[in-house]
Amino acid sequence: MAEYKRSNFADFALKNIADADEEPPAKDCSENENSERGNWTNKTEYILSVIGFAIGLGNVWRFPYLTYKNGGGAFLIPYFVLLFVTGIPLYFLETSLGQFCSQGPIHLWRAVPVMQGVGVAMVCLNTLTSIYYDVIIAYSLFYLFASFQSPLPWSRFSSLVEGNISVTPQVSCMLNGVPVCNCTQGNEMCAPSNMVSTQELSLPEQYWTHVVLQRSSGLHETGEIVWELALCLLLSTILIFASLWHGIKTSGKVVYFTATFPYVLLTILLIRGVTLEGARNGIDFYIGSQSNLTKLSELQVWSDAASQTLYSLSIAFGGVITLSSYNKFHNNVLLDTLVVTFANAATSVFAGFAIFSVLGHMAHVYAKQVDEVVQEGFALAFIAYPEALTNLPVAPLFSIMFFFMLVLIGLDSQLVMMEVIFTSLTDAFPKYLLSKRPIISVITCVVIFFLSLPCVTKAGIYWVTLIEGFTSTFVPLIVALFEIIGFLYIYGCNRLIQDIEMMIGTKSVWYWLYWRVCWYFITPVIIVLILVLALMEFTPPTYALVQYPSWGLALGWCMAIFCILCIPLVAIQKLITADGDLRKRVKSVLSPSEDWHPYLEVHRTEHYYRATEP
């Protein structure tokens with residue numbers, strides 16, 4: 001077996017320098033540096049892809065609500081502070097690792113074999129997320145097609161009557177003070193003494209519940225497939241496949257439109273929104289007069305800011321690593337990190353103005369306080385905002401813009417989540433699968449489609465909420481924490497910095513001081529605090545006051561635990577299959593494997609240079 005020989009590094013380096021001097025000064029940017037695995041055609045495609053991935057639906061329907069809820073403009077203080085000490089350091093870490101080894105989230109852990117389960121957990125978490133994300137795109141497509149009607153279907157009382165949809169007041173069935181279901185007053189399953197009347201559903205809410213979802217009474221009542229949603233789900237799957245069947249060479253072209261046009265639509269919606277009567281009240285509630293600096297003393301505010309930072313940047317889902325793995329080796333990863341993280345934060349703030357200006361107008365029209373119409377998640381995207389759109393002149397046009405924007409944002413994120421799966425498969429079996437990319441794309445898209453079908457039944461929204469509730473809270477935090485432990489404490493911060501300097505050049509000690517402090521101390525401490533708080537305050541998900549049956553919650557816990565269990569199970573497997581006695585095995589699985597190095601031999605300098613046998 002060949003050995004690492006530092007004595008030969010000087011000759012090797014001089015040879016590379018001489019070779020570099022012979023190359024023409026201008027190199028075709030479209031040329032693949034890695035001919036086997038492929039690279040981004042140019043830097044623009046990569047930047048647009050990672051921005052499209054980072055800027056997801058959470059920027060539109062979660063960040064504005066959290067800002068309003070946690071002190072308005074005051075929330076931006078903890079948000080940007082935690083962006084600097086958690087979001088940017090972790091994003092820089094994942095981008096650097098993916099680019100260094102040109103591998104996906106699983107084979108990346110050749111650096112620390114015992115932690116390879118972290119990469120498996122990333123792929124599992126990513127797969128579960130892609131299931132419900134595909135369904136959200138289907139919801140958006142449904143509304144997009146419905147928006148071509150005038151007047152908008154959710155604004156017409158007659159359409160609800162024609163669909164034999166009841167407009168009776170909604171009531172909750174209460175047992176021992178706990179809501180167990182939503183039902184109408186004619187429901188015989190709930191005793192009259194246990195019924196508590198709630199407000200009458202608005203027409204957009206009736207439309208969402210009875211026309212789009214055709215929602216059943218709970219997870220236990222699956223019902224048949226809602227075929228309109230199933231067809232939208234199929235269309236979403238076809239669009240994903242068409243964008244990915246040739247890998248980044250096709251998806252890189254798609255993002256020129258999908259990652260930029262949402263900004264055009266968002267700008268149009270913002271311009272229209274701020275010109276509406278009552279818009280100023282909405283913006284005041286967002287970050288204006290409602291700003292409350294006393295909120296900064298509450299731990300929950302800082303926790304929400306940190307979780308939103310990690311969630312919106314998609315840390316620990318494997319997408320950042322996958323996209324950067326197709327970069328050229330000497331790409332400036334720090335510049336990419338700063339561009340993407342700040343673009344993500346700016347988009348979140350920008351989207352909040354567009355959302356709250358229209359909600360302020362809605363509150364003005366209905367003579368309500370803004371906080372009475374502010375909602376988050378599905379309620380904002382598919383009930384509150386559509387209802388506000390009905391009050392605008394040329395309402396169908398603005399509705400088409402809004403839901404087309406949601407479709408594009410969702411597709412951008414879904415493209416990357418599917419790419420994580422493809423890349424993990426092809427990295428595992430490059431000799432067999434790299435040349436069969438279209439076939440793998442078809443099979444994976446079909447599998448995700450069928451896994452998503454239960455989410456478009458009449459109980460579909462309960463499945464979507466269950467998956468989202470158990471996979472997007474504490475699981476990514478655990479994965480991110482193990483990621484830090486693996487590379488900063490086991491692999492070693494000094495060795496990591498040496499690897500990064502091989503790509504971007506040698507930097508001063510002061511340059512790395514900020515990263516060392518964040519990676520070693522600040523970032524892991526913050527993640528642990530958020531994780532503890534998330535576990536302490538975790539409540540089982542519900543939808544519309546409907547509680548899940550025990551078997552449903554058990555299934556949710558199984559999904560979360562399955563992702564987490566990948567970490568110790570793979571560690572045990574690596575330890576068992578290693579050679580030697582226990583001490584040698586432990587040392588072996590804690591040390592980088594022989595396959596851990598830059599993908600191309602020309603980049604394997606210093607201790608990664610492997611001398612050839614004489």
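The set of residues from segment 216-238 being more than 15 Å from Phe450 (Cα to Cα) and part of a helix (DSSP H, G or I) comprises just one member, Glu228. In summary, Glu594 fulfils each of the numbered conditions (1) closer than 20 Å to His107 by Cα; (2) open to solvent by less than 80 Å² (accessible area, probe 1.4 Å); (3) outside any helix (DSSP H, G or I) with the single exception of condition (2).
Of the residues Trp512, Trp463, the single one that is surrounded by 15 or more Cβ atoms within 10 Å (Cβ to Cβ) and touching a Cys at 6+ places or on another chain (Cβ under 7 Å) is Trp463.
The set of residues in segment 133-158 that are in a helix (DSSP H, G or I) and open to solvent by less than 10 Å² (accessible area, probe 1.4 Å) comprises Asp134, Val135, Ile136, Ile137, Ala138, Tyr139, Ser140, Leu141, Tyr143, Ala146, Pro153, Trp154.
I'm checking my understanding of the structure. Among residues of segment 239-256 that are out of contact with any helix residue (DSSP H, G or I) (no Cβ under 7 Å at 6 or more places or on another chain) and touching a residue at least 60 places away in the same chain (Cβ under 8 Å), which one is least open to solvent (accessible area, probe 1.4 Å)? It comes out as Ile248. Filtering segment 560-587 to residues that are under 30 Å from Thr127 (Cβ atoms), open to solvent by 40 Å² or more (accessible area, probe 1.4 Å) and not basic (Lys, Arg) leaves Ile561, Phe562, Ile564, Leu565, Pro568, Leu569, Ile572, Gln573, Leu575, Ile576, Thr577.
Cβ separations smaller than 7 Å between residues 6+ apart or across chains give the following pairs from segment 111-130 residues that are at negative phi and open to solvent by 20 Å² or more (accessible area, probe 1.4 Å) to residues that are assigned to a helix (DSSP H, G or I) and polar (S, T, N, Q): Val123/Ser424; Leu128/Thr471.
A quick yes/no check of all residues on (1) open to solvent by 60 Å² or more (accessible area, probe 1.4 Å); (2) among the aromatic types (Phe, Trp, Tyr); (3) touching a His at 6+ places or on another chain (Cβ under 8 Å):
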| site | (1), (2), (3) |
| --- | --- |
| Ser324 | no, no, no |
| Thr347 | no, no, no |
| Ala351 | no, no, no |
| Gly360 | no, no, no |
| Gln369 | yes, no, no |
| Phe378 | no, yes, no |
| Phe422 | no, yes, no |
| Tyr432 | yes, yes, no |
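If the condition is being open to solvent by 80 Å² or more (accessible area, probe 1.4 Å) and without any contact (Cβ under 8 Å) to a residue 12 or more places away in the chain, then segment 538-557 contributes Thr539, Ser550, Trp551. Annotation: Tyr286 fulfils all but one of (1) farther than 14 Å from Thr67 by Cα; (2) more than 21 Å from the chain's Cα centre (by Cα); (3) open to solvent by less than 30 Å² (accessible area, probe 1.4 Å); the unmet one is (1).
The values are calculated or read from the model by the stated rules, or taken from the named source; none is laboratory data. Every value quoted in this text rests on a predicted model; they were computed, and no experiment measured them. Virtual Cβ from ideal backbone geometry, glycine too; neighbours counted across all protein chains shown. Only protein heavy atoms, including side chains, enter the accessible area calculation; ligands, DNA and RNA are left aside. Shrake-Rupley method; radii C 1.70, N 1.55, O 1.52, S 1.80 Å.
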